[in-house]
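Here the structure comes first, spelled out in C-alpha cells, and everything after it is commentary.
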Amino acid sequence: MKKGFFIMVCLGISALLFGQEIDPTLTEAWEPVPPKVTPGIFPGSPPSDAIILFDGKDLSQWRKPLVGYGGSMAEVEEVAKKRAALKDYEEKDADWEIKDGALIVAPGKGHIETRKAFGDIQLHIEWLAPVDTGKTGQGYSNSGIFLMGQYEIQVLNNYENPTYSNGQAGAMYKQSIPLANACRPPGEWQYYDIIFMAPRFADDGSLIQPATVTAFHNGVLIQNHFELKGPCIYRGEPYYVPHPEKLPLILQDHDNRVRFRNIWVREL
Ligand code: MG
C-alpha cells in the first residue's frame, strides 16, 4: 500500500512539473471555479451575495405596483399592454406597516412590489399568519408571493384550515398542489425557500421554455421543478403572455394582516 501511494504521489508531482495532461477518462473539470459565497451565520440568514429586500427596518426596496397583476387571462393581457405602454412614471412608496421587525400587510392599501426586477432567483421569505379566530378557508391569512408579478406561490394559514388543495399554502395557485402540508400553527413564523426559473420567449413572443418552481416550506419540499402553465390566475385556464426577462416581485394584499420578514434573493 505504501509503495503504491508513493508511486501515485510521484506521478502527480511529475504531471505538475512537466505539464502532462490529466487522464481525460478521469473527467475532472477545473473550470469554471465556482464564485465564493459566504453563507449566512444561521439557517435562513442571507449569504454574502444576497440582495436584501426586507431586513426588518424599512421599505426602501418596495413601491406600489406600477401595473399590478391579472386575475384572468383577459386581465393579464391588459396588464401586459399597460406595462408595454409605461414610459415616464412616478414611483409611489409602499405603505404597509412595519412593526417589531415585521412587514405587515395593510388591508385595503393594495399590493406592493420590489423596485428592482428579477428573473431567475433563489428567494428566502419568512411569513406569519396571525391568529384570527372565526376566519376560515381562503379568508384565513391569505397573501401571496407573485414571482415576476404573476406566478403566485400561495401564502395562507392551512394549519387545520382546509381549502381547495391547489389554493392552499405552498400551492402554485390553481396550478400545482403542494407535495406536503408543512404549515406551522398561526402565530408562528414559517418560511419558504424558492428556486424560480423565468420563462424564456423567442423574439416572436413564442414560448421557448416554461417557468419552473422548486420550493421548500419550513424545509419540506413542496414544489419539485414544477413547470408553470402560465400566470397564476383566479379564473380560467392559463397560457403564457410574453413579458420582459425581469419583472418585480409582488406581495399580495388579500385583506389579511399577514406578516413578512427576512426577505432576500440571490440572482441566478
Ligand atoms: Mg393569495
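Does segment 217-235 hold any residues that are at positive phi and open to solvent by 60 Å² or more (accessible area, probe 1.4 Å), and which are they? Lay out the reasoning, then the answer.
Residues of segment 217-235 that are at positive phi, as a first pass: 218-219, 225, 230.
Once the filter is applied, which keeps residues that are at positive phi and open to solvent by 60 Å² or more (accessible area, probe 1.4 Å), segment 217-235 yields only H225.
If S60 satisfies every condition in (1) open to solvent by 70 Å² or more (accessible area, probe 1.4 Å); (2) assigned by TED's automatic domain parsing to the domain that holds K246 but one, which is the exception?
Condition not satisfied by S60: (1).
If you check Y191 against the conditions, is it modelled with pLDDT under 95, away from the ligand (no atom under 16 Å from the Cβ) and either in the same structural domain as I222 (by TED's automatic domain parsing) or surrounded by 22 or more Cβ atoms within 10 Å (Cβ to Cβ) (or both)?
On the way: modelled with pLDDT under 95: no; away from the ligand (no atom under 16 Å from the Cβ): yes; either in the same structural domain as I222 (by TED's automatic domain parsing) or surrounded by 22 or more Cβ atoms within 10 Å (Cβ to Cβ) (or both): yes.
The answer is no for Y191.
For the subset of segment 187-205 comprising residues that are closer than 18 Å to V241 by Cα and in contact (Cβ under 8 Å) with a residue 12 or more places away in the chain, which member is farthest from the chain's Cα centre (by Cα)?
Initial filter on segment 187-205 (closer than 18 Å to V241 by Cα): 196-205.
Still in the running and in contact (Cβ under 8 Å) with a residue 12 or more places away in the chain: 196-199, 201, 205.
On the way: F196: 6, M197: 9, A198: 10, P199: 14, F201: 20, G205: 24 Å.
Going through the qualifying residues, I end up with G205.
Residue by residue through segment 251-263, note down the ones that are on the phi < 0 side of the Ramachandran plot, assigned to a strand (DSSP E or B) and open to solvent by 10 Å² or more (accessible area, probe 1.4 Å).
Initially, segment 251-263 is screened for residues on the phi < 0 side of the Ramachandran plot, giving 251-254, 256-261, 263.
Keeping just the survivors that are assigned to a strand (DSSP E or B) gives 251, 259-261, 263.
Scanning segment 251-263 gives R259, R261.
When segment 105-116 is examined, which residues are found to be β-branched (V, I, T) and either more than 20 Å from D58 (Cα to Cα) or within 16 Å of the ligand (Cβ to nearest atom) (or both)? Quick ask: steps written out before the conclusion?
Filtering segment 105-116 for residues β-branched (V, I, T) gives 105, 112, 114.
The answer is V105, I112.
Where the second residue is at pLDDT below 95 and buried (at least 22 other Cβ atoms within 10 Å of the Cβ) and the first is outside the structural domain of S165 (by TED's automatic domain parsing) and assigned to a loop (DSSP other than H, G, I, E, B) and lies in segment 135-146, which pairs have Cβ atoms under 8 Å and are six or more apart or on separate chains?
Nothing qualifies.
Are any residues in segment 117-166 more than 16 Å from the ligand (Cβ to nearest atom), open to solvent by 10 Å² or more (accessible area, probe 1.4 Å) and within 24 Å of L247 (Cα to Cα), and if so, which ones?
Across segment 117-166, the qualifying residues are A117, D120, Q122, E126.
When you scan segment 147-202, how many residues do you find that are at negative phi and either among the hydroxyl-bearing types (S, T, Y) or part of a loop (DSSP other than H, G, I, E, B) (or both)?
Initially, segment 147-202 is screened for residues at negative phi, giving 147, 150-159, 161-169, 171-173, 175-186, 188-202.
Now restrict to residues that are either among the hydroxyl-bearing types (S, T, Y) or part of a loop (DSSP other than H, G, I, E, B) (or both): 150-151, 156-159, 161-165, 168-169, 171, 173, 175-186, 188, 191-192, 198-199, 202.
Number of matching residues: 33.
The values are calculated or read from the model by the stated rules, or taken from the named source; none is laboratory data. Here the structure is a predicted model, which is why all the values come from computation and not from measurement. Every residue, glycine among them, receives a Cβ derived from its backbone with ideal geometry; neighbour counts consider all protein chains shown. Only protein heavy atoms, including side chains, enter the accessible area calculation; ligands, DNA and RNA are left aside. Shrake-Rupley method; radii C 1.70, N 1.55, O 1.52, S 1.80 Å.
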